[in-house]
Amino acid sequence: MNNKNKKIGFTIGKFAPFHKGHEYLIETALEEMDKVIVVVYDTDIIDIPTERRAEWIKRKYPNVQIKFAHNPPAQYGLDEESVNIQMKYLTNILEEEKPTHFYSSEKYGKSVSEYMNVIDRRVDNERKIIPISATEVRNNLEAKKQWIENEVYLDCKDKLKTDYLF
């Protein structure tokens, strides 16, 4: 297959922590695409390095390509200025990659897809198939640990920042 016809999907996230919903999104992309890129963003909402969070993904899905979003812009949102700032940053991370699809379960999927001129591929947008979010896991790790791999659970135990909850 020549590169012109190659379907390249990508997704972005903090994966803080990596959970079954993320897995479902990546598995969907892997089924539909010839290549899948996962961009892992720095974040201070979880006390686990970006590289370690990427390892969770790569161990489970060795065929995905990981790219790192270190020191992302502080400004974010769905307004035009914020989208432009974030998309210029993301475009630099993707470098020479020419994605055809953007995979997400988030409202920003439309903005990313339009800016990058790729297909907006929403997966379980309403979280009916996999009813979990990273926020829910962070807010109650013990009660939600069935939604994460044991390796992720062990890394997160005693390391989640909880001061932002109060």
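Where a number appears in this text, it was derived from the coordinates with a stated rule and is not lab data. Because the structure is a prediction, the values reported are computed rather than measured. Methodologically, a virtual Cβ is constructed for each residue, glycine included, from the backbone with ideal geometry; neighbour enumeration extends over all protein chains shown.
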Using the Karplus equation 6.51 cos²θ - 1.76 cosθ + 1.60 (θ = phi - 60°), what ³J(HN,Hα) coupling, rounded to whole Hz, does each residue of the stretch 91-99 give in order, writing x for Gly and Pro? 4, 5, 5, 6, 6, 7, 5, 10, x
By how many degrees, 0 to 90 and rounded to 10, does the Cα axis of helix 20-32 deviate from the longest principal axis of the chain? 20 degrees
Net charge (Lys, Arg +1; Asp, Glu -1) of residues whose beta-carbon lies under 15 Å from that of residue 145, residue 145 excluded, is -2
How about the stretch 78-139: which GluC sites (Glu not before Pro) there lie in a loop by DSSP and see at most 12 other Cβ atoms within 10 Å? 95, 96, 126
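All other residues with a Cβ under 14 Å from the Cβ of residue 37 taken together, and with Lys, Arg as +1 and Asp, Glu as -1, what is their net charge?
That works out to +2.
Using the C-alpha atoms of the stretch 3-160, what convex hull volume per residue, in cubic angstrom, is computed? Write down the numbers at each step before the final one.
On the way: hull volume 17.2 nm³, N = 158.
It is 109 Å³ per residue.
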Do the alpha carbons of any pairs in 14/88; 35/144; 4/98; 67/145; 6/67 sit beyond 21 Å of each other, and which pairs? 35/144; 67/145
